[in-house]
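Structure first, commentary second.
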Amino acid sequence: MKVGVLGSGDVAKILAAGFLKHGHDVMVGTRTPSKLDEWKGKNPKGRTGSFAEAAEFGELAVLAVKGTAALEALRVAGAANLTGKPVIDATNPIADQAPVKGVLKFFTSLDESLMERLQREFDGIQFVKAFNSVGSACMVNPELKGGRPTMFICGDNEAAKKKVTGILEQFGWETADMGGVEAARAIEPLCMLWCIPGFLRNDWKHAFKLLA
Ligand SMILES: NC(=O)c1ccc[n+]([C@@H]2O[C@H](COP(=O)([O-])OP(=O)(O)OC[C@H]3O[C@@H](n4cnc5c(N)ncnc54)[C@H](OP(=O)(O)O)[C@@H]3O)[C@@H](O)[C@H]2O)c1
């Protein structure tokens, strides 16, 4: 599959390398190409470009930018370049404020998630929330003592979620589909929970598992 990754931070670089590892064609997009020089050196098969070029390149895209900039990054990428495509939304609505006793501050409320805001402005994009509730180091084929972890996903487009479920399978995850876009109100705050052991005890190697 041709995958466009929007972002130049750890999440974008690690997921982009994961897609390459699993045989996909990848273009990573940024406003600042020099930020990807080292990544390009380590991943010679990967391409780099602007947000708009990466969005146009991908049959599927990944949104991996700062939460406060997510809407702006999509505007720059261009709605027309992403309309009708699945977009994995890995972002979290983290506010520009310090955590309180290890608990991150969000700029959204429990009645409205960031992904709902994105879906409202870009109604032709098939957003699927995924990869937001685990640290970047554990995103691609994580090796955890407890076995295969669970990725909670949601989104309004069933075909897009099916594609993302296939990718998660390749990336070493089982998938728990929590329903439509509104479920992002519950999935985004899992990031807060995931980060607490990190901020309090410097423990960043874990993931969630849903047991039945
Ligand atoms: N770090 C993690 O382990 C982790 C885990 C799960 C989810 N997440 C979420 O994944 C997302 C990416 O996290 P990250 O740590 O990799 O990187 P980050 O530092 O949160 O974001 C960096 C990216 O945001 C873009 N950006 C910043 N301001 C912008 C603006 N005004 N307009 C357009 N783009 C802008 C940057 O664009 P340029 O490339 O042009 O500089 C860069 O690509 C975040 O939403 C984060 O909450 C992070």
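A few points about this structure:
- Qualifying residue in region 132-155 (condition: aromatic (F, W, Y) and within 11 Å of the ligand (Cβ to nearest atom)): no
- Flag for A16 being touching a Gly at 6+ places or on another chain (Cβ under 8 Å), on the phi < 0 side of the Ramachandran plot, among the hydrophobic types (A, V, I, L, M, F, W, C) and surrounded by fewer than 18 Cβ atoms within 10 Å (Cβ to Cβ): no
- So D203, is it free of Cβ contacts under 8 Å to residues at least 60 places away in the same chain, within 28 Å of A79 (Cα to Cα), assigned to a loop (DSSP other than H, G, I, E, B) and more than 15 Å from the chain's Cα centre (by Cα): no
- Exactly one residue among A55, A61, A70 is near the ligand (Cβ under 9 Å from one of its atoms) and of a type in the set (A, V, I, L, M, F, W, C), and that residue is A70.
- Single match in I88, I125 (criterion: in contact with a strand residue (DSSP E or B) (Cβ under 7 Å, 6 or more places away or on another chain) and within 12 Å of the ligand (Cβ to nearest atom)): I88
- Test result for S113, in contact with a Cys (Cβ under 6 Å, 6 or more places away or on another chain) and within 13 Å of the ligand (Cβ to nearest atom): no
- Residue selected from region 12-31 under the condition hydrophobic (A, V, I, L, M, F, W, C) and either assigned to a strand (DSSP E or B) or farther than 17 Å from Q170 by Cβ (or both), by the criterion farthest from the ligand (Cβ to nearest atom): V26
- Every residue from region 193-206 that is touching a Lys or Arg at 6+ places or on another chain (Cβ under 9 Å), aliphatic (A, V, I, L, M) and under 21 Å from L114 (Cβ atoms): I196
- Pairs with Cβ under 8 Å, 6+ apart, first in region 115-127 and within 18 Å of E158 (Cα to Cα) and assigned to a loop (DSSP other than H, G, I, E, B), second of a type in the set (K, R) and modelled with pLDDT of 95 or more: I125/K85
- Flag if G46 is of a type in the set (G, A, S) and within 10 Å of the ligand (Cβ to nearest atom): no
The values are calculated or read from the model by the stated rules, or taken from the named source; none is laboratory data. This structure is a prediction, so every number in the text was calculated from the model and none was measured. Counting neighbours? That spans all protein chains shown, and the Cβs are built from the backbone with ideal geometry, glycine included.
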